[in-house]
Each structure stands twice: as C-alpha cells, then as structure tokens.
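Shown next, in structure tokens, is the structure this report addresses.
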Amino acid sequence: LTAIATDDLCARILARDRRALARAASLIEARTGAGLAISKKLFAHTGRALVIGITGPSGAGKSTLVNQLTKHLRLEGKRVGILAVDPSSPFTQGAILGDRIRMQDHHADPEVFIRSTANRGKLGGLAATTLELTLLLDAAGMDVILVESVGVGQGEVDIARLADLTAVVLVPGLGDDVQAIKAGIMEVADVFVINKADRPGAEQLEQEIRAMQTLGSGSETKQPAPIYKVSASTGQGIDELLRALRSNAESRARRTGLSESWKLRLTELVREQLLAFLDERVLETHAERVAERTEDPFTAADQISKDLLARLR
Ligand SMILES: Nc1nc2c(ncn2[C@@H]2O[C@H](COP(=O)(O)OP(=O)(O)OP(=O)(O)O)[C@@H](O)[C@H]2O)c(=O)[nH]1
Ligand SMILES: [Mg+2]
C-alpha cells in the first residue's frame, strides 16, 4: 500500500468503516508493512475501549458467554469488538467454525465486529497481532472488546497482559478442573465465572474456588476475585456479571490508574514486536550449531543480535 492508501484506510477506520477495518485487520494479521504503518498511525486514537479477556478450558462456554455479553452491551448501544483467539491445535478449524456459528446472532450487526484469529506468538503466548488487533478495534471506536482465548496453563496469564480485566470461566462437574488450574490463575482472574450453573455442582465448584483463594492469599492486599454463577445459554446471571465486570474495571482504574494496564500491555507488545524481528532461519542455523555443540548458546545469542542489528540498519 502506498502512504496515501494507508492514510485513506486509517481515515476510513476512524470514520467507522467496517470494510476498512476488516482490511486493516488482515494486513496486521499478515504482519505486512502496511499493517505496521496502520498500527503506528492509529495508536494516537487508542485508549478508550475496555478490553475484557474471557479465558477458561475448552468447551466451558466462553463463546456462548461472549455472545450473551454482546447482546446485553448492544441493548445499551455499545459498540462491541470480539476477538476469538484459537490455539494452534487440531481443534482450531472446528473452533473457529463453532465460534462463527455461536456468535452469528451478531454477525449482521454493523456495530459488532468479530474476528477469529489463529495466530499465536512465537513463544507460545498470545500473538502480538492479537494485541495489535485490540488497538485497531479501540481506534475504530469499539467501546468494549471481548477477547476469547482457551486457557490451558499459560494462556490465562497471556490474556491478562493484554486485557484490562480477565474473567476466568469454569464449569461444574469437570472434577479435576480447579486442581488442574495452576496457582497463576488465581492472580490472573479478576472475576471468576461459573458457567453452566443450570447443571449440578456449581455450589461445590464455588466452594473449591473459595478454598483455593483462602489458601493462596498471603500478605496480598488484593481482594479475592468475586465469583459469579451464570448460565450463558439461558442468559441467567449475565446482567449481574456485566455489572461486576464494569465495577471491577472502574475500581481498578481508580486504584492503579489506567496507565498500569497500558504499561503492561505495551511492554508485551514491544517484546513480541522485537521477537518478530528475529529471522527464523538465522535462529534455526544457530540452534543446529548449538545442538551439534559447535557453538555455545551465548555466542549464538550474540551472533543473532548482531545479525538483527545489521539487518535493521
Ligand atoms: N447447559 C449449558 N450448556 C452451555 C452453557 N453455555 C454453553 N453451553 C454449551 O457448551 C458447549 C460449549 O460452548 P462454547 O461456547 O462453544 O464453549 P467455548 O468455551 O467457547 O469452547 P471453545 O471455544 O472450544 O474452547 C456448547 O454446546 C454450548 O451450547 C450453559 O450455560 N449451560
Ligand atoms: Mg469458543
């Protein structure tokens, strides 16, 4: 894209043109120079949207929940951006298709923008592009951005870095669920959502979470995350949940200032951005030498950064 075309695309995004937005999202996802130029240009227009991370095990009902939250937000006239991040797993195709189906309630709504993205970061984290996409949707005037991501161990931690607040979705009856969840999740969850509360076991799961919260709370000043029981498929409890998410975001903003989550988010973005500059082939060449023990890892790192600097110059 020429500079003029990029400028034009940015102007259209700011004017809330959906096709321009979709085009820009593709350019960013493909990590093109034009995508980067758009991200740079639009950054000044970001900082308004509330980014909510929705994470939890596969099949917990995250997409159904996102669909319900969107419905409620739309009734208030809010513009909603939805990013569904799929892990690079054999389920990816199915998951994207499934999300499309479950979110199709809002597909025709011009004030809702939905994007499924299969990109993952180089080191297994959420892709920098996901973060860039939240910035894009923010600039495009979305009031709330819902980011759905399957959380399996590290996933929750990653999403917490890009979201203003994170809701961890769990379901009763999985038994080992809470045990399987690493301690990290306790710090990451701003709100716990027990979904499928229409099924038996919700009370018990709530008690298990509470027990873990008391175990985990050392000298921390942080309040334990509130727990909400909902049924995403019927819509029961969604009003209360949405209210809780909002008040949580507000109280956090009062407590730490908005700058705190931005600092975290941008650190992550810059880190991923730097990693993206690495030439995969150069990395691999050195990795092979290290494996053959003809080079040590530290010299390899030196060489790789030298190569990087040479290319950037
Ligand atoms: N009984 C019951 N079923 C639900 C509820 N919410 C979602 N489901 C069902 O649970 C299944 C999984 O829902 P999804 O919304 O696709 O779950 P997900 O967490 O997005 O799944 P992945 O994206 O694959 O990780 C679907 O069959 C839903 O209809 C609920 O509140 N109660
Ligand atoms: Mg889903």
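Derivation of every value follows stated rules applied to the coordinates shown; laboratory data play no part. In this text the structure is predicted, and so the values were computed from the model without any measurement. All Cβ positions, even for glycine, are placed from backbone atoms using ideal geometry, and neighbour counts span all protein chains on display.
Amide H to amide H distances under 5 Å link Gln236 with Ser231, where only residues 5 or more positions off or on other chains count and H is placed in the peptide plane. Put a dot 7 Å past the Cα of Leu274, heading toward its Cβ, do the same for Ala310, and the two dots end up 2.1 nm apart. Using the alpha carbons alone, the radius of gyration of segment 1-60 stands to its Kirkwood radius in an Rg to Rh ratio of 1.09.
What net charge is computed for the residues neighbouring Pro297, neighbours being all others with C-beta under 13 Å from the C-beta of Pro297, Lys and Arg scored +1, Asp and Glu -1? Net local charge, Pro297 excluded: -3. Working ranking of peptides 160-169, 25-34 by packing, defined as the average number of other Cβ atoms within 10 Å per residue, highest first, is 160-169, 25-34.
Sorting the segments 72-82, 190-200, 136-146, 277-287 by their mean number of nearby beta carbons within 10 angstrom, highest to lowest, gives 136-146, 190-200, 72-82, 277-287. Between their Cα atoms, which of Lys40/Lys229; Lys196/Lys263; Lys263/Lys306; Lys78/Lys196 are more than 31 Å away from each other? The answer is Lys40/Lys229; Lys196/Lys263. One quarter of the surface of the convex hull around the alpha-carbon atoms of segment 193-313 equals 13.6 nm², the direction-averaged projected area.
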